[in-house]
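Right, one structure below, let's go through it.
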Amino acid sequence: MAAPDPRRTESLPLTTVVSPGLARSRALNRSALEDPNRFWAPVADELHWFERSGPLFEPTDSPPYGRWFPQWTSNLAYNCLDRWRGTPRWHRVAFHWEGEPGDRRALTYAELHRESERFAAGLRAAGVGAGDRVTLYLPMVPELPIAMLATARIGAIHSVVFGGFAASALAERVRDSGSRLVVTADGGWRRGKVVELKRTVDEALRATPSVEKVVVVRRTGQPVASDRDRDVDYADFLRLGRGPVAPVPRTGSQPTYILYTSGTTGRPKGAVHGTGGYMLWSYYTMRSVFGLGDADLYWCTADIGWVTGHTYVVYGPLLTGATSLLYEGAPDSPKPDRWWDLIERHGVTVLYTSPTAIRSAMKHGDPWPRAHDLSSLRLLGTVGEPINPEAWHWYFREIGGGRCPIVDTWWQTETGGILISPQPGLAAFPLKPGSATLPLPGVDAAVVDEQGRPLPPNEKGLIVLRRPWPGVFLTLWGDEERYREVYFRRFPGAYYPADFCLVDDDGYFWLLGRADEVLKVAGHRISTTEIEDALITHPAVAESAVIGRHDDLRGESPVACVILRPGHAPSSTLRQELADRVRATVGAVAVPSAIYFVEKVPKTRSAKIMRRLIRDVVEERPLGDTSTLEDETSIEEARRAYEELKRELARPPP
Ligand code: ATP
Ligand code: MG
């Protein structure tokens with residue numbers, strides 16, 4: 001079978017000089033690996049430490065095979081806020097916030113500091129101390145970063161649970177972390193409706209004995225049930241304690257937070273991030289990748305409930321003194337141009353979002369962004385999935401006006417920050433649409449075969465990280481064994497991210513989809529992404545999801561769910577065209593045995609396709625865990641489309 005060539009588009013020489021940037025990036029990568037202590041010392045000097053004793057980096061025999069700042073002490077909240085006192089940043093806006101109904105609020109660094117310190121005093125008065133866990137279940141309102149910073153200030157550990165999760169998913173995460181306090185809101189706005197967060201908390205807490213107190217932010221103002229002994233209004237909570245609250249020094253290996261992965265592949269894993277190393281990595285990657293200056297208004301659209309929101313909405317921007325936009329609601333509320341309107345009105349200069357968001361904007365159509373002046377933008381970013389060339393080009397042309405480089409950033413919840421990406425803040429070099437380009441300094445990435453043998457250029461294999469980088473996660477909460485098993489057993493001595501990858505002749509990395517989503521068709525291993533990428537090259541296709549159905553003869557056979565763009569209707573001709581396209585680009589063996597036209601596919605709350613649920617529908621199995629699902633209706637629609645197709649196929653030909 002002919003292997004697909006992911007590099008279907010030639011490289012675009014952007015506003016950069018070719019070789020010096022590449023050479024510089026490679027040299028920085030090498031020197032950080034050769035002598036981590038020397039390389040990172042001046043970066044660490046830009047941050048505040050209470051005490052520096054012992055080595056900055058120390059190799060260890062057990063996973064993750066090294067410790068960062070093991071005895072140095074620091075505090076993340078201090079570095080995000082207090083560090084700016086007495087500088088011009090102190091009175092600059094940290095967050096321009098806009099609610100979905102259009103209400104606005106701006107918070108300077110000084111104001112964020114004041115309010116988070118009052119919240120920290122409340123936490124202390126409520127008996128929460130260093131090492132205690134606090135669950136934050138909030139909409140995208142300023143109180144969320146405030147509560148995170150307050151928790152970090154007193155050395156407690158936050159666990160942010162995405163505000164779209166149902167009660168059972170929330171309860172599972174509260175129980176797993178053993179949180180003593182939960183912060184929530186009466187509700188949050190989403191597509192003009194109130195998401196009733198407090199009600200969900202009440203339901204979840206029936207089965208979570210560890211929780212003593214619930215702090216309730218008034219966001220929507222609708223009445224909510226209140227438990228006199230347990231619940232306290234946010235405004236009252238701020239008056240509970242007395243400041244100032246000295247930041248609690250934490251060593252590099254003491255946790256700052258727990259964050260559960262999106263659960264695309266199974267039971268969510270509670271990734272634990274430390275303090276010094278995580279802080280250095282958030283700071284350094286934020287600067288290297290986005291290179292913000294005083295004139296920038298930066299917007300990362302991720303929900304704070306995901307790692308992208310932790311590192312690139314809250315910690316990275318505050319550590320670098322950025323001014324950011326924070327938006328509460330849905331991208332298409334009240335109309336599909338909400339984002340473009342926000343960018344125009346606020347003058348956003350850097351936009352960081354996901355391929356899924358880009359594809360859904362494409363689906364709404366070009367007139368929506370075209371109706372707005374997006375000329376303030378200078379840099380675009382993506383994260384979360386491989387970006388297909390069509391979406392890359394649309395983003396480049398329609399949103400970036402053909403002017404803005406795109407940083408395609410590869411990383412994971414577990415890695416704490418970006419690992420492979422263009423680095424315009426460090427060294428500008430040419431981009432290739434669909435490639436995350438080069439590893440950042442200190443990232444020792446390689447592509448290996450199933451046995452762990454390094455592969456030559458242009459051969460697809462598994463990406464491994466052979467040395468710990470500063471942002472590496474410390475463990476899985478309460479499950480060190482699973483930590484070692486999932487991430488470090490497959491290739492001894494290295495971290496295993498479970499993603500496919502290929503390095504080209506220029507040393508550019510092409511991330512080719514999840515290694516945990518592969519079909520085995522008649523002995524051929526085909527990644528679901530390859531087939532999806534082929535389908536999406538057809539002009540009628542907005543999005544697709546491919547899964548493997550059990551097949552007695554071939555082991556598995558590919559089945560595709562396809563979402564069409566407006567103006568295109570399902571037909572057997574179209575089905576044939578799609579099959580032909582897969583045959584031509586991937587190979588005959590990859591042609592789907594069925595193509596279903598659907599309105600939606602099931603996605604996690606972080607907008608990743610949940611292929612295991614589609615498989616359940618297609619194979620008529622009972623549905624597995626749906627707690628991280630975006631929208632129950634999508635699975636129903638897939639089921640309906642499936643039933644329709646079955647009926648259609650059962651009809652005798654005319
Ligand atoms: P779980 O581990 O619970 O199944 P998840 O892996 O979906 O959930 P995240 O940590 O949010 O949760 O996602 C990381 C994954 O997202 C990466 O392993 C990779 O597959 C994909 N990814 C992220 N950024 C990129 C990118 N720029 N290019 C290609 N893939 C990416
Ligand atoms: Mg993962």
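The values are calculated or read from the model by the stated rules, or taken from the named source; none is laboratory data. Fair warning: this is a prediction, and the values are worked out from it, not measured in the lab. FYI the Cβ positions are ideal-geometry reconstructions off the backbone, even for glycines, and counts take in every protein chain you see. The area values use the complete protein model at the heavy-atom level, side chains included, leaving out ligands, DNA and RNA. Shrake-Rupley method; radii C 1.70, N 1.55, O 1.52, S 1.80 Å.
Taking label points 7 Å from Cα along the Cα-to-Cβ direction, Ser168 and Ala542 give a separation of 2.9 nm. Taking every alpha-carbon pair under 8 Å whose residues sit at least 6 apart, the chain reaches a relative contact order of 13 percent.
I need the trypsin sites (Lys or Arg not before Pro) found in the range 140-219, filtered to DSSP loop residues with at most 13 other beta carbons within 10 Å of theirs. Each step should come with its number before you reach the end.
Working: sites: Arg153, Arg173, Arg175, Arg180, Arg190, Arg191, Lys193, Lys198, Arg199, Arg206, Lys213, Arg218, Arg219; in loops: Arg180, Arg191, Arg218, Arg219.
For trypsin sites (Lys or Arg not before Pro) across the range 140-219 that sit outside H, G, I, E and B with at most 13 neighbouring Cβ atoms in 10 Å, the list reads Arg191.
Please report, in cubic angstrom per residue, the volume enclosed by the convex hull of the alpha-carbon atoms of the chain. Mind showing how you got there, number by number?
Numbers: hull volume 100.1 nm³, N = 654.
With only Cα atoms used, the chain gives 153 Å³ per residue.
Remark on Val217: its backbone amide H falls under 5 Å from those of Thr184, Ala185, Asp186, Tyr234, a criterion applied only to residues 5 or more positions apart or on other chains, H modelled at 1.01 Å from N.
Listed values for the range 293-302 are Karplus-derived 3J(HN,Hα) couplings in whole Hz (6.51 cos²θ - 1.76 cosθ + 1.60, θ = phi - 60°), namely x, 4, 7, 7, 10, 9, 9, 9, 7, 4, and x replaces Gly and Pro.
Taken along the Cα-to-beta-carbon direction at a fixed 7 Å, the label points for Ala371 and Glu459 span 5.3 nm. Peptides 467-477, 514-524, 251-261, 594-604 ranked from most to least packed, by the mean per-residue count of other Cβ atoms within 10 Å: 467-477, 251-261, 594-604, 514-524.
Treating the angle as unsigned and between 0 and 90°, give the value, to the nearest 10°, between the Cα long axis of helix 276-285 and the longest Cα principal axis of the chain. The angle comes out at about 60 degrees. A cut-off of 5 Å between modelled amide H atoms, ignoring neighbours fewer than 5 places along the same chain, links Leu297 with Thr349, Val350. How high is the FRET efficiency between Gln451 and His48 when r is their beta carbon distance and R₀ equals 45 Å, given to the nearest 0.05? Efficiency computed from Cβ-Cβ geometry: 0.50.
Annotation: for a label point projected 7 angstrom from Cα along Cα→Cβ of His568, residues of the range 511-552 with backbone N closer than 11 Å are 535-544.
Between the listed residues Ser288, Gly309, Thr320, the Cα displaced farthest toward the positive end of the dipole of the range 283-426, a dipole computed from Cβ unit charges relative to the Cα centre, is found at Ser288. In this rough spin-label picture, where each label sits 7 Å from Cα along the Cβ direction, the His524-Ala23 distance is 4.3 nm.
Cross-link partners of Lys269 among aspartates and glutamates, defined as those whose alpha carbon lies under 15 angstrom from its own and excluding same-chain residues fewer than eight positions apart: Glu172, Asp176, Glu414, Asp479, Glu480, Glu481, Glu485, Asp625.
Beyond 29 Å in Cα-Cα separation lie the following of the pairs Lys520/Lys600; Lys213/Lys335; Lys213/Lys608; Lys335/Lys608; Lys520/Lys608; Lys193/Lys213: Lys213/Lys335; Lys213/Lys608. Compute the acute angle (0 to 90°) between the alpha-carbon long axis of helix 143-153 and the principal axis of greatest extent of the alpha-carbon atoms of the chain; round to the nearest 10°. Between helix and principal axis, roughly 60 degrees. With Cα atoms as the point set, the range 110-230 shows a radius of gyration and Dmax of 13.4, 39 Å.
Can you work out the accessible area per residue across the chain, with the rest of the protein chains kept in place, probe 1.4 Å, in square angstrom?
Details: 24560 Å² over 654 residues.
In whole numbers, the chain has 38 Å² accessible per residue.
With θ taken as phi - 60° and the Karplus curve 6.51 cos²θ - 1.76 cosθ + 1.60 applied, the whole-hertz 3J(HN,Hα) list for the range 367-384 is x, 5, x, 5, 6, 10, 8, 9, 6, 5, 5, 10, 8, 10, x, 9, 7, x Hz, x standing for glycine and proline. For the range 283-307 and the range 160-178, what is the separation of their C-alpha centers, rounded to whole Å? Computed from Cα coordinates, the inter-centre distance equals 27 Å. Computed from Cα atoms, the angle from the helix 19-34 axis to the main principal axis of the chain rounds to 60 degrees.
Of the accessible area of the chain, with the probe set at 1.4 angstrom, what percent is carbon plus sulfur?
Values: 12450 of 24560 Å².
The computed percentage sits at 51.
In deg cm²/dmol and to the nearest 500, what is the mean residue ellipticity at 222 nm of the chain if only DSSP H runs of at least 4 residues count, each as -39500 (n - 2.57), divided by the residue total? Walk me through the numbers on the way to the answer.
Details: 19 runs with 185 residues, N = 654.
Taken over the chain, the calculation gives -8000 deg cm²/dmol.
Remark on Leu431: its backbone amide H falls under 5 Å from those of Leu12, Leu14, a criterion applied only to residues 5 or more positions apart or on other chains, H modelled at 1.01 Å from N. For the range 329-339, backbone phi angles converted through the Karplus equation (6.51, -1.76, 1.60; θ = phi - 60°) give residue-by-residue couplings of x, 7, x, 10, 10, x, 9, x, 9, 4, 4 Hz, Gly and Pro being listed as x. Note: the range 317-413, Cα convex hull, 111 Å³ per residue.
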